[in-house]
1. Based on what the data block shows, is B:Lys111 modelled with pLDDT of 85 or more, within 27 Å of B:Lys53 (Cα to Cα) and within 14 Å of chain A (Cβ to nearest Cβ)?
2. Grab the strands (runs of 3 or more DSSP E) fully contained in the stretch A:76-154, keeping just those with 1 or more residues being facing chain B (nearest Cβ under 8 Å) and out of contact with any helix residue (DSSP H, G or I) (no Cβ under 8 Å at 6 or more places or on another chain).
3. Does B:Leu54 meet the test of being at pLDDT below 85 and either more than 9 Å from chain A (Cβ to nearest Cβ) or part of a helix (DSSP H, G or I) (or both)?
4. Would it be correct to say that B:Glu88 is of a type outside the set (Ser, Thr, Tyr), more than 13 Å from every other protein chain (Cβ to nearest Cβ) and either free of Cβ contacts under 8 Å to residues at least 40 places away in the same chain or surrounded by 13 or more Cβ atoms within 10 Å (Cβ to Cβ) (or both)?
5. Give the residue, chosen from B:Leu122, B:Leu143, that is more than 14 Å from B:Ile167 (Cα to Cα), free of Cβ contacts under 8 Å to residues at least 40 places away in the same chain and assigned to a helix (DSSP H, G or I).
6. Listed residues A:Lys152, A:Lys135, A:Lys140; which is within 20 Å of the chain's Cα centre (by Cα) and of a type in the set (D, E, K, R)?
7. Filter the stretch A:26-53 for residues that are within 11 Å of chain B (Cβ to nearest Cβ) and surrounded by 18 or more Cβ atoms within 10 Å (Cβ to Cβ); which is nearest to A:Asp89 (Cα to Cα)?
8. Of everything in the stretch B:42-81, what is closer than 17 Å to B:Pro173 by Cα and of a type in the set (A, V, I, L, M)? Give them in sequence order.
Amino acid sequence: MSKFKKKTNKGTPKVSTASLPDIVFMLLFFFMVATKMRDSSIMVKNVVPAATELVKLEHKNLVNTIYIGVPLPQYKAVYGTAPQIQLGDKFSTPEDIPFFIEKFKAKIPEPQRPMIFTSLKVDGEVTMGIVSDVKTQLRKSGQLKLNYSAKKRQ
Amino acid sequence: MAKRMDNELNASSMADIAFLLLVFFLVTTTMNPDTGITVKLPPWSEDDAEEVKLNKRNVFAVLVNANNDLLVRGEPEEIGALRERAKEFISNPTSRADLAEAPNKAIISLKNDRGTKYETYLSVYNELKAAYRELWDTECERLYGMPYSDELSIDKKKAVRAKYPFILSEAEPTAYGEEEK
């Protein structure tokens, strides 16, 4: 009897998958932190113009978005082809904006409220009339911090 | 020899659970942060604004009409040339009598029609902002040897901005060229 038995080699050894959960969890946490839930689907044509003097909006939870544009083809039959304002997940009129702003404010803790930004995502083809109406309503409801959403000009 | 306790948790399903969550977050994620041009609106007041007499030389009036044409101080202009003109007006390097007395007295007045295209309006706004940013950059370079950026301390940024304050007054748009509802 020999002390050193020759090990019987049964095929290739299995790769240990013990660290797999760790890797996946790492990715998971990354996406959990980086994610922002899409709270509404966009129902208007929305190609924002390009600009150079861009500012990045930090604190996603303090950004309130208003979409303006021509309704997408599937909504054209009901809402027409004139530019519309989308608040949350429904088409609205400028008169609905103060209530929309208040509703958003209520969700934010008091000390952070002055930091709320309203981001206007306006399609480039829209005329200024409807944008002016929105701006007037924002001023009336005391929401003065505004962001004209734009992408980087190449 | 005591038998070793075998109370390890079976973690083989952990990966599956984590994968499930991972896929969920991958699908719902929107990565790109919102970027744009930030503006501070003037507060709303019901009564009419009191008229302020301004020296005509200190006002840089920009008008964008419903045909998306530009009128700068009474003469037609291209968007591409707006930035340089605004810069010259604000800094007035040759002390001309028809340009701003001092950079902190310069006022930009922007007016548009209701029929103006948003894209045009925004690029005009962008050019005016760019003019100021370039002036801040030059001033910063002169004073502190670096361009205007977030790396500067707040005091320094304030000092530069006080020298060239960005004052933009927007008039109520005229109702010309509105789309039919």
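1. For B:Lys111, the condition - modelled with pLDDT of 85 or more, within 27 Å of B:Lys53 (Cα to Cα) and within 14 Å of chain A (Cβ to nearest Cβ) - is met.
2. Passing ranges, in order: A:117-122, A:145-149.
3. When the stated conditions are applied, B:Leu54 passes them.
4. So B:Glu88 fits the description; yes.
5. Going through B:Leu122, B:Leu143 in turn, just one is more than 14 Å from B:Ile167 (Cα to Cα), free of Cβ contacts under 8 Å to residues at least 40 places away in the same chain and assigned to a helix (DSSP H, G or I): B:Leu143.
6. Of the residues listed, the single one that is within 20 Å of the chain's Cα centre (by Cα) and of a type in the set (D, E, K, R) is A:Lys152.
7. Here the answer is A:Val48.
8. Those that are closer than 17 Å to B:Pro173 by Cα and of a type in the set (A, V, I, L, M): B:Ala49, B:Ala61, B:Val62, B:Leu63, B:Val64, B:Ala66, B:Leu70, B:Leu71, B:Val72.
The values are calculated or read from the model by the stated rules, or taken from the named source; none is laboratory data. Predicted, not measured: the structure shown is a model, and the values here were computed from it. Methodologically, a virtual Cβ is constructed for each residue, glycine included, from the backbone with ideal geometry; neighbour enumeration extends over all protein chains shown.
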